[in-house]
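Read through the structure below, which is laid out as C-alpha cells, and then see the notes.
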Amino acid sequence: MKATLRFIRLTALLAIPAGCAAMAAAEDKAKEADVIYPRSSTTAGTPAGPAKSGGEANTAILGFALLAAATGGWLLWRRKNSPAGAAGAARRLAIAETRSLGNRQYLVVADYDGRKFLLGVCPGRIEMLTPLGEGDDDAEAS
C-alpha cells in the first residue's frame, strides 16, 4: 500500500509541472496569435474571431488524463490480483455455520486453522461456548 501511494505521489509531482508549463506556453502562443482583421465584403459570410489555438494545452490535459486512467487501472489490477492478507498468507479463519436464536442472538461455528469452536453471539457480547471435536460439529449443528 505504501508503494502504491508513493507511486501516485511521484506521478502527480511529475505530471503537474509539465502540464502547467505546457498550458503557460499555449497561453503565450495564443496571445501572440490573436490578430483581429477588419471585415470586408469578401469575408462577410465568415465569422471574424480569434484564431483557434491551445493545442499544446489540450495535449497536456489529455496526457494527464491518460496517465491518471492508467494509474487507476494499474491500481485496480493490482488489488484484484494481490494475494489475500498483507503478507500473502491464506486466510485461516472462517465461519462454518450460523444459526439464529432470535432477537439478534446467534450460535456460530467458527473454524480456525482446522479447529472448530462454538460461539454464542448477542449484542455487546461474544462468548466461546465450547471447542468442537471431529464428531461434535454434526451433533451441535442440529
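The values are calculated or read from the model by the stated rules, or taken from the named source; none is laboratory data. The shown structure was predicted, so the numbers you read here are calculated from the model rather than taken from an experiment. Using ideal geometry, Cβ is built from the backbone for each residue, glycine included, and neighbour counts are taken over all protein chains shown.
The figures follow:
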| item | result |
| --- | --- |
| Test for E127: is it touching a strand residue (DSSP E or B) at 6+ places or on another chain (Cβ under 6 Å), surrounded by fewer than 10 Cβ atoms within 10 Å (Cβ to Cβ) and in a strand (DSSP E or B) | yes |
| Residue match in segment 35-44 (condition: surrounded by 10 or more Cβ atoms within 10 Å (Cβ to Cβ), modelled with pLDDT of 70 or more and under 16 Å from the mean Cα position of the chain (by Cα)) | no |
